[in-house]
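Have a look at the structure below, then the notes.
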Amino acid sequence: MSLLKVDNIHSYYGQIHALKGISIEVNEGEIVTLIGSNGAGKSTALRTISGMIHPKKGKVLFHGKDISKLAPHEIVHSGMVHVPEGRGIFPTLTVKENLEMGAFTVGDSRLIEERMEYGFSLFPRLKERIDQYGGTLSGGEQQMLAIARGLMLDPHLLMLDEPSMGLAPILVELIFDIIKALNDRGMTILLVEQNALMALSIAHRGYVLQTGEITVSDSAANLRGNKEVQKAYLGMT
């Protein structure tokens, strides 16, 4: 069943035509990845879906409802969370305060505590640093905090933008293990990732973006075996 349907959206930055009629579908329980080179439009796609940019043409449907013109906070209320590129944590707030900010729509203190403990079960290092300011965390710890903060709303759809960026290989593996574990528990995930090989290793399906257009869409397994994808994005010859 389709949870998210992006239908022929065109998005702009001023006069720059960033997305040129892309269509994407994410079914419940899937990991779907968007891969492509820098500037291909991957982050713009997530920003458009989450309401940070409104498309000039086309629709974004979530749970069958058109959310194309909704404000970002309204889209969050509908059950979608966007963990942006660059993590976007609050550097002058503690780990605990960052997580509490992530639960801004949750009125039940018991539920907030339960979700915080779930985040700590995924990322024990955060519990060790619960009173530490976000800005003093390492890059890997900040990425853990960004994901844990997103989980505080128990989203129907979790969108992750470049979660492995700037991380050491051992932390990249940890982050991808967590993404896979979240999906195994039933969470639907839309993943933008420069590390295409890692993304395709955990995804069910994928889309290749090139200069604002989708050039290939297929199962992750078929994309891994696609000679053009291998040469362009997987570092194979």
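Computed from the coordinates by the stated procedures, all read-outs in this text should not be read as laboratory data. On a predicted model such as this, the values are computed, not experimentally measured, just so you know. Heads up, the Cβs are rebuilt from the backbone with ideal geometry, glycines too, and the neighbour counts pull from every protein chain shown.
Bridging of K96 to lysines at a Cα separation below 29 Å is possible for K127, K180, once same-chain residues fewer than 8 apart are set aside. Would you please give the FRET efficiency between Q230 and Q194, computed as 1/(1 + (r/R0)^6) with r the Cβ-Cβ distance and R0 = 22 Å, to the nearest 0.05? E(calc), rounded to 0.05, equals 0.90. Between the helical axis of 169-184 and the longest alpha-carbon principal axis of the chain there is an angle of about 90 degrees. Electrostatic bookkeeping for V106 treats Lys and Arg as +1 and Asp and Glu as -1; over the other residues with beta carbon under 15 Å from its beta carbon, the sum is -3. Across segment 7-93, Cα-Cα pairs more than 14 Å apart make up 67 percent of the total.
From the alpha carbon centroid of segment 177-237 to that of segment 130-152 is 25 Å.
Our summary of shape: the Cα atoms of segment 109-237 have principal axis extents of 49, 28, 24 Å, ordered from largest down, in whole angstrom. Straight-distance candidates among the lysines for linking to K56, with alpha-carbon spacing under 29 Å and chain neighbours fewer than 8 residues away dropped: K5, K20, K42, K65, K69. Across segment 131-141, rounded Karplus estimates of 3J(HN,Hα) from the backbone phi angles (6.51 cos²θ - 1.76 cosθ + 1.60, θ = phi - 60°) give 9, 8, 5, x, x, 9, 6, 5, x, x, 5 Hz, Gly and Pro being marked x.
How high is the relative contact order of segment 87-142? Use alpha-carbon pairs under 8 Å, at least six apart in sequence, and give a whole percent. Value for segment 87-142: 58 percent. Indicate the gyration tensor shape class of segment 87-142 (rounded, prolate or oblate), computed on the Cα atoms with a ≥ b ≥ c the square roots of the eigenvalues: a/c under 1.5 is rounded; otherwise a/b larger than b/c is prolate and the rest oblate. Oblate shape, in that a/c is at least 1.5 and b/c is the bigger or equal ratio. Here M152, M236 are placed in order of increasing Cβ neighbour count within 10 Å, fewest first, which gives M236, M152.
Directionally averaged projected area (the chain, Cα convex hull): 12.6 nm². In the chain, the calculated helix contribution to ellipticity at 222 nm averages -10500 deg cm²/dmol per residue, counting -39,500 (n - 2.57) for every DSSP H run with n ≥ 4.
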